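The values are calculated or read from the model by the stated rules, or taken from the named source; none is laboratory data. From a predicted model like this one, the values you see are computed outputs, not experimental measurements. A quick note on method: Cβ atoms are made from the backbone with ideal geometry, for glycine too, and the neighbour counts reach across all protein chains shown.
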Amino acid sequence: MQVTGFGDKVAFIWSVADILRGDFKAHEFGQVILPFTVLRRLECALKPTKADVVARAEGLVGKVINVDKILQSTAGHNFYNISPLTLTKILGDDKNVAQNLKTYIAGFSTGAAEVLERYGFSDKIDRLDKAGLIYQVTAKFAELDLSEQAVPNDAMGYIFEELLRRFSEMSNETAGEHFTPREVIRLMVNILFAEDDKALTGQKPVRTLYDPACGTGGMLTEAQTHLKALNPNAVLEVYGQELNSETWAIARSDLMIKGQDPSRIILGNSLTHEDGHFGEHFDYLLANPPFGVDWKKYAAPIQAERDSLGFEGRYGAGLPRVSDGSFLFLMHMLSKMKPVKADGSGGTRLAIVFSGSPLFAGAAGGGESEIRRWILENDWLEGIVALPDQMFYNTGISTYLWILSNRKGIERRGQVVLLDARESFEKMRKSLGNKRKFTTEPQIGELTRLYADALASPGADKRVKVFDREAFGYQRVTVERPLRRRWELSAEAVGGLAHEKAWLAWLVPPKATDDALAFVEEVEQSQDRLLGVLRAMVGISEATEAAFTKRLKAAATDNNLDVPAKVLKLIIGTAAVPDAEAPVLTDRKGNPLPDPDLRDAENVPLTSGFLDLSENKRDSVLASEAADYLKAEIHPYADDAWLDLTKTKLGFEIPFTRHFYEYVPPRPVAEIDAELAETERQIQELLGGLAR
């Protein structure tokens with residue numbers, strides 16, 4: 001059978017799924033078809049030098065030299081196979097196809113064999129053999145021409161990507177974890193490359209790109225494709241790391257299929273000491289890390305790095321809540337930025353997809369807020385793009401594209417662009433899991449232009465807003481009000497004492513007590529008598545705690561009651577009643593005491609230029625701004641309030657939706673009444689028809 005074009009080859013490979021139905025579940029098809037596709041591509045690539053490699057390998061047996069380098073050179077690739085078997089030869093022994101297939105795979109060089117192993121290919125071969133399908137599937141792939149002449153590297157990449165897309169559609173969970181919509185990636189790389197004129201126009205520019213959570217490698221592939229379209233001479237060397245072994249195998253085999261160095265895709269947790277690209281720096285960084293993933297199980301090495309290295313490591317700025325590790329990926333990526341040289345060269349731009357949580361989660365002084373502060377103080381945040389909801393396969397939530405750079409142009413310094421692209425979508429004719437919307441190519445082009453021109457044409461489009469970076473900062477000040485109390489027991493307060501912890505603890509016998517029952521009975525009698533004393537005090541008011549305490553102790557003494565100190569404290573606290581007309585309570589120095597029930601906190605915005613100030617000047621500026629805020633915003637409503645500046649904390653958040661909120665007035669009441677009346681009339685008409 002002659003299979004030629006791209007569509008024909010995809011359809012031919014996909015037809016293997018028909019063989020698997022019944023014996024494999026739909027979400028397992030890829031675990032068979034993908035490794036077979038990789039195996040056949042590798043075999044076709046090695047075919048011209050196959051005999052030479054086998055012969056050379058036999059001649060090198062027992063020799064202590066760099067066998068790998070020699071055989072790679074002989075094969076003409078960075079992988080090889082020393083087994084004399086091929087898929088066609090394996091079919092010649094129809095009773096031992098499974099065993100011979102495993103032997104053939106074992107003949108591959110370490111890197112290629114490891115990729116196939118990570119697919120769990122050996123187990124799939126056993127299942128195919130048990131189901132009686134191993135010969136049919138092997139025969140299908142043996143007749144497929146995936147040679148480099150028939151399928152160039154770019155075309156092979158497209159075939160592999162199309163297979164991945166189809167398998168992702170069949171398994172929404174897998175799609176959500178490992179598959180980023182291609183239009184989202186295109187928008188990301190469009191914005192990333194928009195300012196690199198040399199990469200877009202140079203004779204043969206070489207750039208590097210890294211994805212710390214690369215999944216199946218889709219972002220890396222799309223970035224390469226996009227830059228190649230912009231400049232056919234450009235070379236983009238891609239690097240990545242992936243935690244899941246199966247998706248790592250997909251990403252690595254994708255590079256192998258395209259003739260690129262697969263060793264640049266590392267297996268392991270990039271956030272811990274397993275960082276496979278430690279000490280390396282890149283021109284571009286790109287990621288779509290998992291949303292809201294708990295990082296508790298690998299928290300120990302991350303916390304250890306933070307504690308031991310501080311800002312010399314990756315996590316000196318702080319750590320996010322353990323329930324969401326999104327910011328960990330961003331901090332890891334920031335550590336991979338190239339330093340900017342004195343002549344202005346170097347530096348890095350990055351793009352990362354987040355949920356809404358990193359915009360605002362965390363209180364002032366908390367982990368997330370401190371991370372945002374660190375980013376803004378370093379002036380790395382270039383812009384944020386709000387994407388439409390329902391864009392991803394496993395979630396319908398709103399997502400945001402953050403763009404950061406340590407080589408901002410002069411016009412962008414100190415500025416942050418917010419681009420509202422939430423309405424830039426078309427509805428899909430058929431949804432894929434939670435994905436019901438997509439962004440078209442013209443819309444991607446328009447959004448790229450809006451982002452690039454944001455500072456040149458401020459206010460030209462309501463979807464774009466530019467802010468000073470201080471606009472996202474505030475000081476969280478504590479507002480105190482004076483403590484005013486009178487001491488008076490109510491019947492309800494007395495009745496509730498029996499349920500309080502200190503009251504119940506009075507009933508617990510000391511360890512040295514010989515007769516616990518007698519002790520409890522005695523205490524219960526004392527409590528009943530005390531309640532009687534307190535009921536007699538109901539309605540009697542004292543202006544000070546001292547006066548009330550004196551009255552309470554005198555009453556207890558008169559009734560021969562020995563009341564524990566904790567119970568006395570409980571009763572005094574219960575009797576303290578807020579009274580706006582009562583005198584202000586003060587400490588020994590005459591300073592008013594704060595009322596914890598009236599304590600409040602206010603966010604005082606930072607002024608433009610604050611982050612450019614030295615640390616010495618910041619405190620005085622904060623105090624001055626807080627005083628102005630107190631006078632203008634608080635004293636008109638509470639003239640006795642003051643600020644406790646010792647509790648002030650700096651906070652940073654990015655309230656994206658608030659900045660783009662547009663007030664829509666409610667409909668007139670008359671219009672609503674008319675609509676209700678019409679609806680009621682229609683209901684009555686329907687009910688009348690039923691009665692007839």
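Which residues, taken from the range 102-143, are touching a residue at least 60 places away in the same chain (Cβ under 8 Å), hydrophobic (A, V, I, L, M, F, W, C) and either under 25 Å from residue 259 (Cβ atoms) or part of a helix (DSSP H, G or I) (or both)?
105, 108, 112, 115, 116, 121, 128, 137, 141, 142
When the range 179-213 is examined, which residues are found to be part of a helix (DSSP H, G or I), under 25 Å from residue 266 (Cα atoms) and among the charged types (D, E, K, R)?
182, 186
From the list 26, 98, 45, which residue is at pLDDT below 90, closer than 22 Å to residue 116 by Cα, out of contact with any Gly (no Cβ under 7 Å at 6 or more places or on another chain) and surrounded by 16 or more Cβ atoms within 10 Å (Cβ to Cβ)?
Values: 26 fails: surrounded by 16 or more Cβ atoms within 10 Å (Cβ to Cβ); 98 fails: at pLDDT below 90.
Just a single option satisfies the conditions, and that option is 45.
Just to verify a result, which residue in the range 567-583, among those that are surrounded by fewer than 14 Cβ atoms within 10 Å (Cβ to Cβ) and touching a residue at least 40 places away in the same chain (Cβ under 8 Å), is nearest to residue 487 (Cα to Cα)? Give the steps one after another, and end with the answer.
The initial filter retains those residues of the range 567-583 that are surrounded by fewer than 14 Cβ atoms within 10 Å (Cβ to Cβ), namely 569, 573, 578, 580-581, 583.
Narrowing further to those that are touching a residue at least 40 places away in the same chain (Cβ under 8 Å): 569, 578, 580-581, 583.
Details: 569: 13, 578: 9, 580: 13, 581: 13, 583: 12 Å.
Taking the candidates together, the pick is 578.
Go over the candidates 660, 652 one by one and state the one that is surrounded by 13 or more Cβ atoms within 10 Å (Cβ to Cβ), in contact with a strand residue (DSSP E or B) (Cβ under 8 Å, 6 or more places away or on another chain) and modelled with pLDDT of 95 or more.
Working: 660 fails: modelled with pLDDT of 95 or more.
Just one listed residue meets the conditions, 652.
Is it the case that residue 115 is buried (at least 17 other Cβ atoms within 10 Å of the Cβ), in contact with a Pro (Cβ under 9 Å, 6 or more places away or on another chain), among the aliphatic types (A, V, I, L, M) and in the same structural domain as residue 14 (by TED's automatic domain parsing)? Explain how you work it out, then say what you get.
Numbers: buried (at least 17 other Cβ atoms within 10 Å of the Cβ): yes; in contact with a Pro (Cβ under 9 Å, 6 or more places away or on another chain): yes; among the aliphatic types (A, V, I, L, M): yes; in the same structural domain as residue 14 (by TED's automatic domain parsing): yes.
Answer is yes for this residue.
Starting from residues that are assigned to a strand (DSSP E or B) and among the aliphatic types (A, V, I, L, M), keep the ones in the range 333-359 and report whichever is surrounded by the fewest Cβ atoms within 10 Å (Cβ to Cβ).
340
Identify the residue in the range 365-380 that is at pLDDT below 95 and outside any helix (DSSP H, G or I) and, among all such residues, is farthest from residue 222 (Cα to Cα).
Per the criteria, the residue is 365.
From the list 554, 460, 454, which residue is outside any helix (DSSP H, G or I) and without any contact (Cβ under 8 Å) to a residue 40 or more places away in the chain? I'd like the intermediate steps shown before the answer.
Working: 554 fails: outside any helix (DSSP H, G or I); 454 fails: without any contact (Cβ under 8 Å) to a residue 40 or more places away in the chain.
One residue alone meets the criteria, 460.
Considering only strands (runs of 3 or more DSSP E) fully contained in the range 405-445, which possess at least 1 residues that are hydrophobic (A, V, I, L, M, F, W, C), farther than 25 Å from residue 333 by Cα and in contact (Cβ under 8 Å) with a residue 60 or more places away in the chain?
Fully inside the range 405-445 and qualifying: 426-432, 435-438.
Which of the residues belonging to the range 280-296 are under 13 Å from the mean Cα position of the chain (by Cα) and not β-branched (Val, Ile, Thr)?
Those that are under 13 Å from the mean Cα position of the chain (by Cα) and not β-branched (Val, Ile, Thr): 287, 288, 289, 290, 291, 292, 294, 295.
Has the range 275-297 got at least one residue that is free of Cβ contacts under 8 Å to residues at least 40 places away in the same chain and in contact with a strand residue (DSSP E or B) (Cβ under 7 Å, 6 or more places away or on another chain)?
Yes.
Which residue, of 344, 292, 356, is touching an Asp or Glu at 6+ places or on another chain (Cβ under 7 Å) and at pLDDT below 95?
292
So, residue 561, is that one assigned to a loop (DSSP other than H, G, I, E, B), more than 30 Å from residue 414 (Cβ to Cβ), in contact with a helix residue (DSSP H, G or I) (Cβ under 7 Å, 6 or more places away or on another chain) and in contact (Cβ under 8 Å) with a residue 12 or more places away in the chain or not?
Judged against the criteria, residue 561 is a match.
Can you tell me which residue within the range 454-465, out of those that are aliphatic (A, V, I, L, M) and surrounded by fewer than 16 Cβ atoms within 10 Å (Cβ to Cβ), is farthest from residue 415 (Cα to Cα)?
Filtering first and then ranking leaves 460.
State whether the residues of the range 669-692 include one that is in a loop (DSSP other than H, G, I, E, B) and touching a helix residue (DSSP H, G or I) at 6+ places or on another chain (Cβ under 9 Å). Break it down into steps so the answer makes sense when it comes.
Filtering the range 669-692 down to residues in a loop (DSSP other than H, G, I, E, B) leaves 692.
Those left that are additionally touching a helix residue (DSSP H, G or I) at 6+ places or on another chain (Cβ under 9 Å): none.
No, there is no match, as no residue in the range 669-692 is in a loop (DSSP other than H, G, I, E, B) and touching a helix residue (DSSP H, G or I) at 6+ places or on another chain (Cβ under 9 Å).
Output the number of residues of the range 645-689 satisfying the condition of being charged (D, E, K, R) and closer than 30 Å to residue 628 by Cα.
5
Of a type in the set (Ser, Thr, Tyr), touching a helix residue (DSSP H, G or I) at 6+ places or on another chain (Cβ under 8 Å), in contact (Cβ under 8 Å) with a residue 60 or more places away in the chain and part of a strand (DSSP E or B): which single residue out of 607, 648 fits that description?
648
Please determine whether any residue of the range 303-310 is out of contact with any Ser or Thr (no Cβ under 9 Å at 6 or more places or on another chain), assigned to a helix (DSSP H, G or I) and hydroxyl-bearing (Ser, Thr, Tyr).
Yes, that holds for at least one residue.
On the basis of being aliphatic (A, V, I, L, M), touching a residue at least 24 places away in the same chain (Cβ under 8 Å) and crowded, with 20+ Cβ neighbours inside 10 Å, does residue 206 make the cut?
For residue 206, the condition - aliphatic (A, V, I, L, M), touching a residue at least 24 places away in the same chain (Cβ under 8 Å) and crowded, with 20+ Cβ neighbours inside 10 Å - is not met.
If we keep just the residues of the range 610-635 that are out of contact with any helix residue (DSSP H, G or I) (no Cβ under 7 Å at 6 or more places or on another chain) and among the aliphatic types (A, V, I, L, M), which is nearest to residue 381 (Cα to Cα)?
Among residues in the range 610-635 that are out of contact with any helix residue (DSSP H, G or I) (no Cβ under 7 Å at 6 or more places or on another chain) and among the aliphatic types (A, V, I, L, M), the one nearest to residue 381 (Cα to Cα) is 622.
Suppose we filter 422, 436 for residues that are within 30 Å of residue 167 (Cβ to Cβ) and touching a Pro at 6+ places or on another chain (Cβ under 6 Å); which single one remains?
Result: 422 is the single residue among 422, 436 that is within 30 Å of residue 167 (Cβ to Cβ) and touching a Pro at 6+ places or on another chain (Cβ under 6 Å).
Being over 23 Å from the mean Cα position of the chain (by Cα) and under 27 Å from residue 400 (Cβ atoms) is the filter here; which residues of the range 230-279 pass it?
Scanning the range 230-279 gives 230, 236.
Evaluate the following for residue 362: is it touching a Lys or Arg at 6+ places or on another chain (Cβ under 9 Å), buried (at least 19 other Cβ atoms within 10 Å of the Cβ), of a type outside the set (Asp, Glu) and at positive phi? Break it down into steps so the answer makes sense when it comes.
On the way: touching a Lys or Arg at 6+ places or on another chain (Cβ under 9 Å): yes; buried (at least 19 other Cβ atoms within 10 Å of the Cβ): yes; of a type outside the set (Asp, Glu): yes; at positive phi: yes.
When the stated conditions are applied, residue 362 passes them.
Pull out all pairs, ordered by first then second residue, where Cβ-Cβ is under 8 Å, the residues are six or more apart or on different chains, the first lies in the range 497-515 and is in the same structural domain as residue 531 (by TED's automatic domain parsing), and the second is modelled with pLDDT of 90 or more and outside any helix (DSSP H, G or I).
Filtered contacts from the range 497-515: 502/564; 506/564.
Quickly run through the range 368-382 and pick out the residues that are on the phi < 0 side of the Ramachandran plot, of a type outside the set (A, V, I, L, M) and surrounded by 19 or more Cβ atoms within 10 Å (Cβ to Cβ). Steps first, please.
Kept after step one, since they are on the phi < 0 side of the Ramachandran plot, are these residues of the range 368-382: 368-378, 380-382.
Filter once more, so that each one left must be of a type outside the set (A, V, I, L, M): 368-370, 372-374, 377-378, 380, 382.
Answer for the range 368-382, where residues must be on the phi < 0 side of the Ramachandran plot, of a type outside the set (A, V, I, L, M) and surrounded by 19 or more Cβ atoms within 10 Å (Cβ to Cβ): 368, 369, 370, 372, 373, 380, 382.
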